[in-house]
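Contents: one structure, followed by commentary.
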Amino acid sequence: MNYDNTKNYDNTNTGVLFKTDPKKKKNENSPDYIGSLNVEGKEWTIFGRKKISKKNESFLRLSIVESKPKPNADDDLPF
């Protein structure tokens with residue numbers, strides 16, 4: 001298969017989660033998964049934490065926060 005990486009991909013209304021490296025978790029409340037989510041063009045950061053229900057069933061508890069724009073290197077320039 002030949003993939004053309006030069007084409008633009010529309011990631012509207014899609015998301016992705018990546019497993020957090022256990023060595024990088026700061027404490028037991030740190031997320032087990034971190035990713036990004038696009039909803040109608042607005043970017044969000046998504047977190048997943050592994051939990052066990054009262055019925056002893058495992059599940060992921062999800063939370064999202066609005067992504068902040070990444071600072072532009074030119075923003076620090078005084079002119």
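Nothing in this text is a laboratory measurement; each read-out follows from the coordinates by a stated rule. This one's a predicted model, so the numbers in the text were calculated from it and none came from an experiment. Virtual Cβ from ideal backbone geometry, glycine too; neighbours counted across all protein chains shown.
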*Excluding Thr12 itself, what net charge comes from residues whose Cβ is under 12 Å from its Cβ, given Lys and Arg +1 and Asp and Glu -1?*
-2
_Output wanted: per-residue J couplings in Hz (rounded whole) for region 46-53, from phi through Karplus 6.51 cos²θ - 1.76 cosθ + 1.60, θ = phi - 60°, x for Gly and Pro._
10, 10, x, 10, 6, 9, 10, 6
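Using just the Cα positions, wrap region 20-71 in a convex hull and report its mean projected area in square nanometres, one decimal place. Let's see the in-between values first.
Values: hull surface 20.2 nm².
Across all orientations, region 20-71 yields a mean hull projection of 5.0 nm².
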*Using θ = phi - 60° and the Karplus form 6.51 cos²θ - 1.76 cosθ + 1.60, what ³J(HN,Hα) does each residue of region 29-38 get, whole Hz, x for Gly and Pro?*
8, 5, x, 7, 9, 9, x, 10, 9, 10
